[in-house]
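Step one of this worksheet: look at the structure below.
Just so it is clear, none of the values below were taken in a lab; they were calculated from the coordinates. Everything numeric here is computed off the predicted structure, so don't read it as measured data.
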Amino acid sequence: MVNPVDSKSSGTRWLLPVLLTVQFLVSLDMSVVNIALPDIGDDLGFGADSLLWVVNAYALAFGGLLMLGGRLADVVGRRRTLLAGFAVFGIASLAGGLAQTPGQLVAARAVQGAGAAALAPVALALITVNYAAGPARSRALGLWGAAGALGGAVGVMAGGLLTDWAGWRSVMLINVPVVLAVLLLSRRGVPADRRTGPAPRLDVVGALLVTGGMAVLVLGLVRTETHAWGSGTTLGTLAAAAVLLAAFAVVESRQRQPLLRLGLLGNRPVLSANAFALLMSSGQFAAFYFTSLYLQEVLSYGSTRAGAAFLPFCAGIVAGSVISTRNAGRFGERATLVTGGLLGAAGFVWFALTVGPDGTFLGSILGPSLVASVGIGMCFVPLGTAATSGVAAGETGMASGLLNSSRQLGGSLGLAVLVTVASGVTGSAGPAGDGGGPGALADGYATAFGVAAALLVAAAAATAVLHPARTPSRPAETSAETSDAAESEKSPKNLADGVDPRPYRSTQR
């Protein structure tokens, strides 16, 4: 039987640094190329309409493959999935840094997103399985959440610095030595996989349907900048995604070993965590995007200066994670999530009231950045705990993939909606012919921040309604000695739901 270990155990002292690096890199590469896009376009000869595919290719592969990546961790082993994901991510980063044509770079970014889709879910699964419930797990989850949020914020800053100092290729190549170092560390620091029962089957049909459905859904959302929401292209794409995801739900309801056991969503903490993640990410990702635009397009900051302006976000996220780690156990997941969501919303309201054509860093950025980021940082510990509450060890990858899918889908949906909202306000603001002036841009960004605040309020409200006052603990993993007894005692309902009581065990090498 596997016993979750304390974070100070000598056998796992390198595990957490590996998992934090995973979360940081995955988030970093979603934003690090943004500021480098003009240089990339000039150097490789991208057309105006095709340049965004440097970002979208990563988002499509990442969002589409997250559920598959999470389930692979349960089926083939968490350590194997982690090592394979790192290898794919590192090779794709090298290929992207050496790309000579637009097609090569876009393909490399897509493969990079596929590697990230294997890495992100397994990190949360390994924390849940290897750290005992209580202070050890809370600390690990707090650092895990902070690493992800910091990666997004630092990505903007690093993108500006690297592009200015070393050229756009450095934003891709910087991953290579990091991946090599962590691969070596992972061989010693990540527990080896040892199976205690027959290998579960991978739901291939479900994998194809959910991958296609999620990829098509993200595609429809990211293309709303060039294809209006009411256009035939957008409506057709979203309809196709709905059909694929509906077919996925039907298939999963009939599978004995599904990619996503639908009964998982009957677990109220899991449901509330995913609803919160979807809504919070919708506001958070868009807020990062509009802050970057405001700094550069309205306040005329250069790349490096704009990146440095994100430092308050980084500091606030760390502070919020520390607060949550120390107090989430005392006040409970629901209270912590509601408080963090409302505090984040207050920061976005502050942004909405102060961003203007005559804004300053001290008056329009510093204060709201700190308030919003502290609130967001407070949410990661209870979010990670709730998303795996009451989940069997053999389904932690599944639950982790679901949470990461909710976050990615929320980010894509929120950005698509808020870009449309901001563009509508900007286009109608100011005197005729001046719809794109600093004042009109600031009006559009302010409106977007207001909507982002409303999304975080909705996240807090959903948690208050859905999340129970007390949450169940994660069932212990079944030991090799008792697996036969557990198999014989499985109820018909569990058989229908496809619960496998004999998951991978983690053992120290």
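Take the alpha carbon gyration tensor of segment 102-178, find the square roots of its eigenvalues, order them as a ≥ b ≥ c, and report rounded if a/c is under 1.5; if not, report prolate when a/b exceeds b/c, else oblate.
oblate
Normalised by the residues of the chain, what does the relative contact order come to in percent, with Cα pairs under 8 Å and at least six apart?
Relative contact order of the chain: 23 percent.
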Listed by chain and number, the residues whose amide H is under 5 Å from that of Y131, excluding neighbours fewer than 5 places away on the same chain and using placed H, are V5
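With viscosity set to 0.692 mPa s at 37 °C, what whole-number translational diffusion coefficient in µm²/s follows for segment 204-254 from Stokes-Einstein and a Kirkwood radius over Cα pairs?
296 µm²/s
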Applying the span-like rule to the chain (DSSP H, Cα extent along axis at least 24 Å, Kyte-Doolittle mean at least -0.5) gives 15-31, 53-76, 78-97, 102-130, 135-166, 204-222, 232-254, 268-293, 311-331, 333-354, 396-428, 438-466
Note to self: C-alpha centroids of segment 286-332 and segment 356-412 sit apart, in Å, by 12 Å
From the Cα centre of segment 46-94 to that of segment 221-281, the distance in Å is 19 Å
Between (1) 21.2, 65; (2) 23.1, 72; (3) 22.1, 77, the structure-derived Rg and Dmax of the Cα atoms in Å is (3)
For segment 204-254 the mean separation of alpha carbon contacts under 8 Å (6+ apart) over residue count, i.e. relative contact order in percent, is 51 percent
